[in-house]
Amino acid sequence: MKLNRRTLTVALATAALASLLPATALAQKKIVLGFAQVGAESEWRTANTESIKSAAKESGIELKFSDGQQKQENQIKAIRSYIAQKVDVIAFSPVVESGWETVLREAKAAKIPVVLTDRSVNTKDESLYVTFMGSDFVEEGRKAGRWLVEKMKDQKGEVNIVELQGTVGSAPAIDRKKGFEEIIKADPKFKIIRSQTGDFTRAKGKEVMEAFLKADGKKINVLYAHNDDMAIGAIQAIEEAGLKPAKDITIISIDAVKGAFEAMMAGKLNVSVECSPLLGPQLMTAVKDIKAGKQIPKRIVTEEGIFPMEVAKAEFPKRKY
Ligand code: GZL
């Protein structure tokens with residue numbers, strides 16, 4: 001069959017377009033990120049989830065998101081479902097440090113890169129994840145300790161401290177305790193007379209503080225809470241016991257969420273050490289870099305400050321979470 005010139009031109013143009021199409025389509029194929037979140041236990045976590053969801057949207061990354069309700073088995077289940085769905089990258093904030101090697105090996109076998117955000121895992125095999133991005137919790141504990149040492153420098157007698165720990169076995173709970181004790185051990189007047197987990201929640205923080213007050217009420221000089229939510233719960237217990245929070249009992253906490261600034265402006269919390277939940281943009285940049293084959297550092301540390309109640313009013317309007 002003789003093709004005239006016009007038909008031939010159209011045929012060639014169509015063929016050229018068709019050969020480009022799959023590549024064009026591939027170029028527009030969205031990166032798919034599977035994220036297994038700890039839960040929704042605190043203001044910090046809510047802000048962290050919001051940061052991840054909004055950053056995924058702004059980055060054009062398709063986000064599959066699961067709420068682990070603070071249970072490791074739920075997070076492992078979610079990670080396995082992302083492997084089955086063959087997502088491009090998996091990211092998660094491990095609720096506790098241990099028990100992840102099996103599922104991380106499954107992700108590695110499926111050739112799906114994993115990013116740790118916020119909290120890290122206990123593993124000798126660092127090939128199981130590409131990077132860990134989040135705060136230095138030991139330094140956060142040190143900042144809390146240094147603030148207390150400075151505040152109590154003229155205090156002659158004993159300084160009795162009660163401690164509300166975060167989730168048992170979690171990196172922030174282990175490391176915030178470690179950093180705080182590293183600083184206060186320099187002076188024997190500082191004594192941690194009670195220490196128990198409040199699981200990072202307001203309700204549990206209040207419940208445990210009620211027990212501390214019942215046992216040691218008048219002896220307590222300081223409360224060190226591993227997060228603001230537990231401190232806010234404890235403030236309620238302190239007031240219900242007829243004591244003045246931040247006056248009768250000095251209160252130190254960590255996160256610097258909105259609730260902490262409101263408590264400091266009300267004169268009920270002495271200081272909050274910042275722990276930024278705004279990891280979304282950094283995570284999306286890392287996901288894109290991984291897909292583009294770029295090298296990224298094994299550890300990305302978020303820079304953070306400390307906010308005593310004296311600066312709360314001025315700082316509050318600038319806060320992003
Ligand atoms: C810290 C984060 C902790 C917060 C808590 O990075 O893992 O978990 O301090 C949150 O408020 O529940």
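Computed values, structure above
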{"read-out": "Most to least packed among 252-260, 83-91, 290-298, 303-311 [average Cβ atoms within 10 Å]", "value": "252-260, 83-91, 303-311, 290-298"}
{"read-out": "Sequence ranges 146-158, 92-104, ranked by mean other-Cβ count within 10 angstrom, highest first", "value": "92-104, 146-158"}
{"read-out": "The chain - share of DSSP beta bridges that are antiparallel (%, nearest 5)", "value": "5 percent"}
{"read-out": "Between segment 121-184 and segment 244-321, the Cα center-to-center distance that results, in Å", "value": "15 Å"}
{"read-out": "Built amide H within the under 5 Å cut-off of residue 269, gap 5+", "value": "264"}
{"read-out": "Shape of the chain, Cα gyration tensor, a/c cut at 1.5", "value": "prolate"}
{"read-out": "Segments 205-211, 32-38 sorted - mean Cβ within 10 Å per residue, highest first", "value": "32-38, 205-211"}
{"read-out": "Sequence-separation-based contact order of the chain, relative, with Cα cut under 8 Å and 6+ spacing, percent", "value": "17 percent"}
{"read-out": "Dipole magnitude (debye, nearest 20) for the chain, charges at Cβ of Lys, Arg, Asp, Glu", "value": "1320 debye"}
{"read-out": "Label zone at residue 46 (point 7 Å along Cα-to-Cβ), backbone N below 16 Å, segment 207-237", "value": "228-233"}
{"read-out": "Amide H within-cut-off set for residue 197, under 5 Å, with H built and near neighbours excluded", "value": "165"}
{"read-out": "Integer Hz, Karplus 6.51/-1.76/1.60 couplings in order for segment 108-122, x for Gly and Pro", "value": "5, 5, 7, 6, 10, x, 10, 10, 8, 10, 6, 10, 10, 10, 8"}
{"read-out": "Three-way shape label, segment 137-275, alpha-carbon gyration tensor, a/c 1.5", "value": "rounded"}
{"read-out": "Sequence-distant residues sharing a close amide H with residue 31 (under 5 Å, placed H)", "value": "62"}
{"read-out": "Theoretical FRET efficiency, 1/(1+(r/R0)^6), r = Cβ-Cβ of residue 314 and residue 239, R0 22 Å, to 0.05", "value": "0.30"}
{"read-out": "Mean residue ellipticity (222 nm) of the chain, computed from DSSP H runs ≥ 4 via -39,500 (n - 2.57), nearest 500", "value": "-14500 deg cm²/dmol"}
{"read-out": "Table column - 3J(HN,Hα) (Hz), segment 79-86, Karplus curve with 6.51, -1.76, 1.60, x for Gly and Pro", "value": "4, 5, 6, 5, 4, 4, 7, 6"}
{"read-out": "Integer Hz, Karplus 6.51/-1.76/1.60 couplings in order for segment 61-78, x for Gly and Pro", "value": "9, 6, 9, 9, 10, 10, 9, x, 6, 6, 10, 4, 5, 6, 5, 4, 4, 5"}
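Only the coordinates and a few stated rules stand behind these numbers; no lab work does. Note that the structure is predicted; figures quoted are calculated from it, not measured. Note that each Cβ is placed from the backbone with ideal geometry, even for glycine, and that neighbours are counted across all protein chains shown.
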